[in-house]
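J.: Starting off with a structure, shown below.
The values are calculated or read from the model by the stated rules, or taken from the named source; none is laboratory data. These numbers come from a predicted model, not from an experiment. Virtual Cβ from ideal backbone geometry, glycine too; neighbours counted across all protein chains shown. These area figures cover heavy atoms from the full protein model, side chains too; ligands, DNA and RNA do not enter into them. Shrake-Rupley method; radii C 1.70, N 1.55, O 1.52, S 1.80 Å.
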Amino acid sequence: MSEPASFTFKIDAQQAGKLRGLLTAQGFTFREVPYALYGAQKQKLTVNAYASGKLLVQGKGAKEFVEFTLEPEIIGEARLGYDEVHNPEMFQPHLGVDESGKGDFFGPLVIAGVYTDGDLPRQLLDLGVKDSKQITSDKKALEIADAIKELVTLDRFNVVVISPEKYNDLYVKFRNLNRLLAWGHATVIENLLTRWPKCPRALSDKFAHESLIQRALKERGKGIVLQQRTKAESDIAVAAASILARAGFLTRMKFLGDKLGVTLPKGASAQVKAVAREIFQKSGPDALKSVCKFHFKTFAEVTGTLPLTEG
C-alpha cells in the first residue's frame, strides 16, 4: 500500500523562521505561494509555511523529511508513526460518521459510517486515508473510496443516500437541517449497530447538541456513547466515512445530471444558480426540485417563490 504523501502540522512564527533557515541550508529553492509565509521545493518535495500557522509537507520524500528533519529539529516531538501514543482512542473500537452534500444546492445528502477495531485503523492510515476535504481531486476521492471498500468488509460500513426528493420531504417534516442531519446520523449508527451491537461509541463532526442524535436513535442505539467534536475528521474512522460519503455524493450527482442532460455544479455559487435557472426554464419547477434541496434560497430566487424557513 502506498504511504500518504502529504502531512499537515501547526507551527508558530518562531518555528517557521527556524525551518526557513534549515531549508536554506539543505538547498531548497524558495518561491511565492498564495497566503504563505514561504514555499520551498527540493526535487519533488515541497514545504509550504502559511501565515495561519499551517505547515504542509508533501511529495516524494515527505515522510522521511517529517521523521528525520521536521520532527526532531522543529517540532521537537516525534508524532509520525506514534498515533497510538498521541491518539489512543482512534485505535479503540468505535464508529465514525460523516456526511457530504449538506452545503450543496444540487444533489443528495449522503451520510456514511465506518466501524473500526483491531488492525483496521492502522491499515486505513497506511492506505493514506484522511479527511476528504484534504483530497482536492474528485477522481482521487473516488479511487480512495474504492480502496476503502476493498479493505473494509461490507458489514463494517454503511452509506445512506438521501435523494433530493426524499431530502425535500424530510425537510418539510423536520423544518430544521440539524434535526434532519441527526436523523440521518442516527440511521447510519443504527444500521451499523445491527452488525456490531457491542460497539461502545460513535464519533462525528460537531453540528448540533448530541441530544438531537440521541433522541433520533432507536432502542439499539440508546446505550452507545455519542461524541461530537470539531475537526472530527482527524479520527481515522470519521475520515474514512467522509471519503465514502463524498464518493456517494459525487456518484449520485453525476446520475442526476445525466438524467436531465446537464452537468450539476457543486456548492451554491452563481454558476449553480445559472444551471438551476436553465433547468427551471427548460423543464419546470418539479424537474428542478427533483435534483436540488428546495429550502436553499437559490430555489426561491430562481422560481420566484417564497423561501422555506426553518421551524
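J.: Convert each backbone phi in region 144-152 into a coupling constant with the Karplus relation 6.51 cos²θ - 1.76 cosθ + 1.60 (shift: θ = phi - 60°), then list the ³J(HN,Hα) values in order as whole Hz, x for Gly and Pro.
T.: Computed from phi, the couplings for region 144-152 are 5, 4, 4, 5, 5, 5, 5, 7, 8 Hz.
J.: Determine which aspartates and glutamates satisfy two conditions relative to Lys289: a Cα distance under 14 Å, and not lying fewer than 8 residues away in the same chain.
T.: Of all the aspartates and glutamates, those that pass the test against Lys289 - Cα under 14 Å, at least 8 places apart if same chain - are Asp104, Glu165, Asp169, Glu278, Glu301.
J.: Name the residue, out of Ser269, Ser100, Ser204, whose mean-square fluctuation peaks in a Gaussian network model built on the chain with Cα pairs under 10 Å.
T.: Residue with maximal mean-square fluctuation among Ser269, Ser100, Ser204: Ser269.
J.: Also, I was wondering about something else. Using the Cα gyration tensor of region 177-220, with a ≥ b ≥ c the square roots of its eigenvalues, what is the shape: rounded (a/c below 1.5), prolate (a/b larger than b/c) or oblate (neither)?
T.: Prolate is the answer for region 177-220, as a/c is 1.5 or above and a/b outweighs b/c.
J.: Build a GNM of the chain with springs between Cα atoms under 10 Å: which of Lys44, Lys293, Lys206 gets the top mean-square fluctuation?
T.: Ranking Lys44, Lys293, Lys206 by mean-square fluctuation puts Lys44 first.
J.: Can you tell me the orientation of helix 164-174 relative to the chain, as the angle in degrees between its alpha-carbon axis and the longest Cα principal axis, to the nearest 10?
T.: Taking the Cα atoms of the chain, the angle to 164-174 is about 80 degrees.
J.: Express the carbon and sulfur contribution to the solvent-accessible surface of region 11-77 as a percent, rounded to the nearest whole number, probe 1.4 angstrom.
T.: 51 percent
J.: Answer rounded, prolate or oblate for region 109-254, using the Cα gyration tensor with square roots of eigenvalues a ≥ b ≥ c: rounded when a/c is under 1.5, else prolate when a/b is larger than b/c, else oblate.
T.: It comes out oblate by the Cα gyration axes.
J.: Keeping every protein chain present and rolling a 1.4 Å probe, give me the accessible area per residue for the chain in Å².
T.: 50 Å²
J.: Right, here's the next one. Of Lys173/Lys266; Lys133/Lys282; Lys133/Lys222, which ones are farther than 28 Å apart at the Cα?
T.: Correct reply: Lys133/Lys282; Lys133/Lys222.
J.: Using DSSP to call loops (not H, G, I, E or B), can you name the GluC sites (Glu not before Pro) in region 1-77 whose Cβ has at most 11 other Cβ atoms within 10 angstrom?
T.: The qualifying sites are Glu32, Glu77.
J.: How would the chain be classified by its alpha-carbon gyration tensor: rounded, prolate or oblate, with rounded meaning a/c under 1.5 and the a/b versus b/c comparison settling the rest?
T.: Oblate, because a/c is 1.5 or more while a/b does not exceed b/c.
J.: Okay, moving on. Name the most mobile residue of Ala247, Ala216, Ala270, meaning the one with the largest mean-square fluctuation, in a Gaussian network model of the chain with Cα contacts below 10 Å.
T.: Of Ala247, Ala216, Ala270, the most mobile in the Gaussian network model is Ala270.
J.: With θ set to phi - 60°, apply the Karplus curve 6.51 cos²θ - 1.76 cosθ + 1.60 along region 95-108 and write out the HN-Hα couplings as whole Hz, x wherever there is a Gly or Pro.
T.: Values per residue, Gly and Pro as x: 9, x, 10, 8, 10, 9, x, 4, x, 9, 5, 8, x, x Hz.
J.: Another question about this same structure. Which GluC sites (Glu not before Pro) in region 236-311 pass both tests, a DSSP loop state and at most 16 other beta-carbon atoms within 10 Å?
T.: In loop regions of region 236-311 (DSSP not H, G, I, E or B), the sparsely surrounded GluC sites (Glu not before Pro) are Glu310.
J.: Return the carbon/sulfur percentage of the accessible area of region 187-311, one whole number, probe 1.4 Å, all protein chains in place.
T.: Ligands and nucleic acids excluded, carbon and sulfur reach 55 percent.
J.: In whole Hz, with x marking every Gly and Pro, tabulate ³J(HN,Hα) for region 55-71 from phi via Karplus 6.51 cos²θ - 1.76 cosθ + 1.60, θ = phi - 60°.
T.: 10, 10, 10, 8, x, 5, x, 4, 4, 5, 5, 5, 6, 9, 10, 5, 5
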